[in-house]
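Notes to accompany the following structure.
The values are calculated or read from the model by the stated rules, or taken from the named source; none is laboratory data. Since the model is a prediction, treat every value here as computed from it, not as a measurement. Quick reminder, even Gly has a Cβ in these numbers, built from the backbone with ideal geometry, and neighbours come from all protein chains shown.
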Amino acid sequence: MVTLSGFTGGESLPLPRSEGAAFPSLFILEGFPPLPQRRSETGGSLKNGRTHLRAFVFRAETVALRSLTAKSSDCAIMPRHRMYAFLDKFFVVFHSALIVFSLCGWLWKKTRVANLAVLGMIGFSWFGLGIWYGFGFCPSTDWHWQIRMKLGHDDMPNSYTKFLVDSVTGLEVNATVVDIATLVSFILALSASLLTNARHWREK
């Protein structure tokens, strides 16, 4: 009687053979049932062999499918991460440029009207949409924070200005101080934009 180690914890499974018959070669894989053997004169079940073969094929397909699924998931995650990283940098540049233009756009005649329009939209967002979403609400900041959360940054401040100041200085500036400075800067920029635009319209 010849025995081989099966897939159930190394249990020895008897495999009968005929007198003088050569034992067929087997390839036993770890974690898989053995391939079926032919019916011998001393017994053995062809039906059981087919059951073992189906189990072997099913388990092999399962392992292959899991491997392909894991690789596909990794391939799908990488492009999304790159897209979020790109959008993160885009919003930093866009929002910073918007702040500079809001504060300084009234200095040049060709940009004064656009500057006043941008300040008007900022005021509407802060004080109009702020009724429902909170004072100082900014859609750009909201979208930017959603992207950074996708990248794993969950500790974002309420104000983009505070995020920018902290990033540039490397300090943890008080949020209230930043909010007051932001509001004062907005009022001064709006006043300057209104005065310069009004003077320009009178000159016409």
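Taking Leu164 as meeting all but one of (1) without any contact (Cβ under 8 Å) to a residue 60 or more places away in the chain; (2) outside any loop (DSSP other than H, G, I, E, B), write down the number of the exception. That leaves (1) as the condition not met. If the condition is being in a helix (DSSP H, G or I), surrounded by fewer than 13 Cβ atoms within 10 Å (Cβ to Cβ) and either among the hydrophobic types (A, V, I, L, M, F, W, C) or not assigned by TED's automatic domain parsing to the domain that holds Phe163 (or both), then segment 122-142 contributes Phe124, Phe127, Ile131, Trp132. Filtering Val168, Val93 for residues that are surrounded by fewer than 12 Cβ atoms within 10 Å (Cβ to Cβ) and modelled with pLDDT of 95 or more leaves a single hit, Val93. Among residues of segment 84-106 that are assigned by TED's automatic domain parsing to the domain that holds Val184 and over 27 Å from Val184 (Cα atoms), those with a beta-carbon under 7 Å from a residue that is in a helix (DSSP H, G or I) and charged (D, E, K, R) at least six positions away or on a different chain give the pairs Tyr84/Lys150; Asp88/Arg148. Selection of segment 123-145 for residues being polar (S, T, N, Q) and within 14 Å of Val92 (Cα to Cα) yields Ser140, Thr141. Considering segment 96-121, the residues that are under 22 Å from Leu164 (Cα atoms) and among the hydroxyl-bearing types (Ser, Thr, Tyr) include one that is surrounded by the most Cβ atoms within 10 Å (Cβ to Cβ), namely Ser102. Scanning segment 143-157 for residues that are crowded, with 16+ Cβ neighbours inside 10 Å and either among the acidic types (Asp, Glu) or in contact (Cβ under 8 Å) with a residue 24 or more places away in the chain (or both) turns up His144, Ile147, Arg148.
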